[in-house]
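Notes for the one structure printed next.
The values are calculated or read from the model by the stated rules, or taken from the named source; none is laboratory data. Here the structure is a predicted model, which means the values were calculated and not measured. Positions of Cβ are generated from backbone atoms using ideal geometry, with glycine treated the same way; all protein chains shown enter the neighbour counts. The protein model used for the area step is the full one, side chains on, heavy atoms only, and it has no ligands, DNA or RNA in it. Shrake-Rupley method; radii C 1.70, N 1.55, O 1.52, S 1.80 Å.
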Amino acid sequence: MPDIIQLLPDNIANQIAAGEVIQRPASAVKELLENAVDASATSIQLIIVDAGKSLMQVIDNGKGMSDTDARMCFERHATSKIKKIEDLFQVRTMGFRGEALASIAAVAQVELKTRRAEDELGTLIEVENSTVIKQEPCVCPVGTNIAMKNLFFNVPARRNFLKSNAAEMRHIVEEFIRVAMAFPEIFFSLTSNGQEVFHLEAGSLKQRVLQVLGNQQASKLVSVKEEMDYMNVSGFVGKPETARKTRGDQYFFVNNRYIKSGYLNHAVMSAFEGLIPKDSFPLYALFIELDPSQVDINVHPTKQEIKFEDEKIIYAFIQAAVKHALAQFSVAPSLDFTLNADIQQLDALNKPFTEEKQHTASGSKLFSTFTQKHQAHAIEPTNKSELKHWKDFYTPAAPTPEGNNIPGIQQEADMLFSYEKSYGSIEQPAGTQHEIQHTQRNNSPVIPDSPLLQLHYTYIIATAASGFIMVHQQLAHERVLYERYSLAAHGKHIPSQQSLFPATLELITPDAILLQELLPDLKAIGYNIELFGKDSFIIHGTPADVAAGNEKHSIELLIEQFKHFTSDVKFSRREKLVRCMSRQQAIKAGQSLSQKEMLTLIEELFTCTTPNVTPTGSPTFIEFKEDYLDRMFGK
Ligand code: ADP
Ligand code: MG
């Protein structure tokens with residue numbers, strides 16, 4: 001038998017590695033922008049054609065490269081930023097892995113022109129499939145001009161995976177903003193298909209933040225600034241009135257690197273506690289600076305998730321800094337004025353950090369009040385497991401044959417796990433649903449004309465032929481709306497109400513791009529929204545069940561939910577929208593309902609094709625069978 005192991009050729013190895021670094025045009029944009037920043041550029045232009053699918057080009061006036069470096073930079077693990085492993089713990093540059101350009105050269109056609117100030121001539125290099133196909137001296141300005149053409153031209157499978165131009169462009173804009181926000185002293189511009197989308201003059205951080213978030217926010221920002229030996233935090237939070245229903249403008253930067261951190265976000269949210277409504281999001285752009293040895297940015301290839309040496313200290317510090325800022329600007333109750341003194345007492349924050357200090361600090365009273373209640377693991381995940389108790393509570397009902405729509409608890413519990421796979425998946429052929437709807441099946445177990453009882457403004461008790469059922473009003477309504485919107489999305493007309501006073505909606509650019517993308521689908525389910533200038537929309541009409549005056553809020557909420565929609569199953573955009581809409585518009589628990597409303601809800605529920613569970617698989621009602629009740633009473 002011959003030996004079978006071979007080394008992969010470089011270009012293949014690079015292509016595979018590229019999978020981690022370059023997932024989509026936006027990830028290439030991020031790398032190119034960061035390289036320009038690392039090269040100390042003061043002007044960085046980003047040029048995009050076709051949402052990056054045809055062209056992504058970054059032109060900087062940074063330090064440029066020698067002709068040898070220009071050739072070297074496309075090699076894997078080629079970097080000027082670290083030399084030995086210890087350097088990894090002191091990195092101050094954005095890049096350091098030396099993988100970006102090698103990855104880019106493996107999956108696109110790259111043209112690089114670069115010149116250092118000390119060289120008279122620059123270098124032109126063309127690379128394709130990880131192979132240099134041209135290298136020659138050229139006349140060009142100092143700095144680097146790198147163009148990536150036809151992303152994934154040689155990996156069609158990945159090219160096919162790219163989303164619509166609007167979706168990819170939205171990601172690009174997000175990455176652009178994240179880099180531009182962190183470096184206000186650098187000029188940035190973004191041009192897409194020949195149109196300048198951003199033109200950000202160099203200036204102060206506040207100016208940059210306002211350039212990105214919109215000048216109308218100027219009077220609504222409160223600056224945050226706290227300095228300790230261990231770390232600094234600076235930046236801005238919005239006054240409580242700027243809190244929105246969508247999460248859009250929330251940015252954390254650690255040593256100028258944008259990061260995602262649910263944990264630190266929670267610290268800010270908790271500082272706002274009591275100042276803003278529960279389901280709204282304050283705006284913030286916070287910059288944390290600390291010794292690079294206290295963070296590990298190496299945990300994620302695109303470096304968006306990082307690990308802190310001691311997260312709890314950072315949590316407490318951020319929370320205190322934000323509270324302090326809000327208090328100073330008298331937007332928080334005055335009691336918080338004492339907070340500054342408290343922060344000072346927090347030993348660990350004032351003195352150089354040692355393990356011993358860390359210990360005493362964690363014992364201090366202030367520290368424990370900071371951390372006990374607010375630390376990440378104290379955030380309860382939504383507790384789906386309660387459903388298990390229901391299952392324990394009942395003796396399993398005899399399995400009901402498929403198609404027989406008398407739901408038993410056992411069946412419901414089982415459906416929790418099989419539902420998404422079988423029914424919940426994507427787009428049903430329109431025809432089948434219409435037919436079902438026309439036959440107006442009514443499998444209601446409820447005895448007609450029997451009185452209905454609402455408990456805790458949440459549950460409806462109805463007498464059934466074989467016992468009683470307990471309906472969860474919110475979940476039941478979610479099911480009803482889900483089926484209604486699904487039909488609408490597949491062409492069944494849904495009544496739309498014309499707004500008397502059309503509301504206008506201003507969004508941040510990435511959200512505006514998303515909404516534009518959703519417009520046709522929103523139209524299908526009864527919204528009439530029109531683009532009105534850059535990033536603004538007019539809402540002319542809404543589905544009949546959206547309360548007047550609530551149009552703007554409902555769209556903001558929808559965008560928010562849409563962005564954060566999570567599911568193990570991959571849904572079409574339309575399906576996601578329908579799911580978000582039905583969740584959002586469902587009557588909530590805690591709302592008092594009249595007899596008539598309860599009756600309508602129950603009638604509508606039992607004309608649904610799948611009345612017994614919500615689209616996500618929660619039961620909408622539970623049936624208490626008479627024989628079971630008898631048994632409970634020992635009869
Ligand atoms: P990394 O940034 O992790 O070092 P890259 O693959 O992004 O790796 O870049 C490789 C090297 O190429 C960098 O270390 C840098 O020396 C050089 N380089 C890349 N882009 C530029 C640029 N715009 N200007 C000057 N040098 C650059
Ligand atoms: Mg880099």
_segment 17-22 - phi-based ³J(HN,Hα) in whole Hz, Karplus 6.51/-1.76/1.60, Gly and Pro as x_ = 4, 4, x, 7, 8, 10
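Hey, can you rank 63-72, 265-274, 150-159 by average C-beta count inside 10 Å, highest first?
Numbers: 63-72: 17.7, 265-274: 19.6, 150-159: 15.6.
Answer by packing, highest mean first, reads 265-274, 63-72, 150-159.
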*Among Leu121, Leu557, Leu32, what's the order by accessible area (1.4 angstrom probe), most exposed first?*
Leu121, Leu557, Leu32
*Residues of segment 433-624: accessible area per residue at 1.4 Å, in Å²?*
44 Å²
*Built amide H within the under 5 Å cut-off of Ala503, gap 5+*: Ile539
_Using the Karplus curve 6.51 cos²θ - 1.76 cosθ + 1.60 with θ = phi - 60°, what ³J(HN,Hα) values do you get for each residue of segment 505-517, in whole Hz, with x for Gly and Pro?_
10, 9, 10, 6, 3, x, 5, 5, 5, 4, 4, 4, 5
_Exposure of Glu530 as accessible area (Å², to 10), given a probe of 1.4 Å and all protein chains_ = 90 Å²
_Mean-position separation - Cα centroids, segment 458-511 and segment 111-133, in angstrom_ = 58 Å
*May I ask which of Lys523/Lys552; Lys245/Lys312; Lys245/Lys596; Lys84/Lys312; Lys206/Lys552 have a Cα-Cα span longer than 26 Å here?*
Lys245/Lys312; Lys245/Lys596; Lys84/Lys312; Lys206/Lys552
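Which order do Lys113, Lys225 take when ranked by solvent-accessible area (1.4 Å probe, heavy atoms of all protein chains), largest first? Walk me through the numbers on the way to the answer.
Numbers: Lys113 70, Lys225 135 Å².
The most accessible residue leads, giving Lys225, Lys113.
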*When the Cα centres of segment 5-22 and segment 260-297 are compared, how far apart do they sit, in Å?*
37 Å
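In debye, nearest 20: dipole of segment 6-93 around its Cα centre with unit charges on the Cβ of K, R (+) and D, E (-)? Before the final figure, lay out each step's value.
Working: 10 positive and 12 negative charges, 21 e Å.
Taking the Cα centre of segment 6-93 as origin, the dipole is about 100 debye.
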*Mind listing the phi-derived Karplus ³J(HN,Hα) values for segment 252-265, rounded to whole Hz, using 6.51, -1.76 and 1.60 with θ = phi - 60°, and x for any glycine or proline?*
10, 10, 10, 6, 6, 9, 5, 10, 9, 8, x, 5, 6, 4
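Just flag the chymotrypsin sites (Phe, Trp or Tyr not before Pro) in segment 583-635 sitting in loop per DSSP whose Cβ has no more than 10 other Cβ atoms within 10 Å.
Numbers: sites: Phe606, Phe621, Phe624, Tyr628, Phe633; in loops: Phe633.
When the chymotrypsin sites (Phe, Trp or Tyr not before Pro) of segment 583-635 are filtered for loop state and at most 10 Cβ neighbours within 10 Å, Phe633 remain.
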*Determine, for each peptide in 40-51, 493-504, 172-183, the mean count of other beta carbons within 10 angstrom over its residues, then list the peptides with the highest first.*
172-183, 40-51, 493-504
*Using a probe of 1.4 angstrom, how much of the accessible area of segment 205-328 is carbon and sulfur, in percent?*
41 percent
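Using DSSP to define loop residues, name the trypsin sites (Lys or Arg not before Pro) in segment 231-316 whose beta-carbon has at most 15 other beta-carbon atoms within 10 Å. Before the final figure, lay out each step's value.
Values: sites: Arg244, Lys245, Arg247, Arg257, Lys260, Lys278, Lys303, Lys307, Lys312; in loops: Lys245, Arg247, Lys260, Lys278, Lys303.
Qualifying residues, ordered by number: Lys260, Lys278.
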_Exceeding 31 Å between C-alpha atoms, which entries from my cross-link table qualify? They are Lys113/Lys534; Lys53/Lys260; Lys53/Lys563; Lys81/Lys260; Lys30/Lys492._
Lys113/Lys534; Lys30/Lys492
*About the Cα centre of segment 205-328, how large is the charge dipole given +1 on each Lys and Arg Cβ and -1 on each Asp and Glu Cβ? Please answer in debye to the nearest 20.*
640 debye
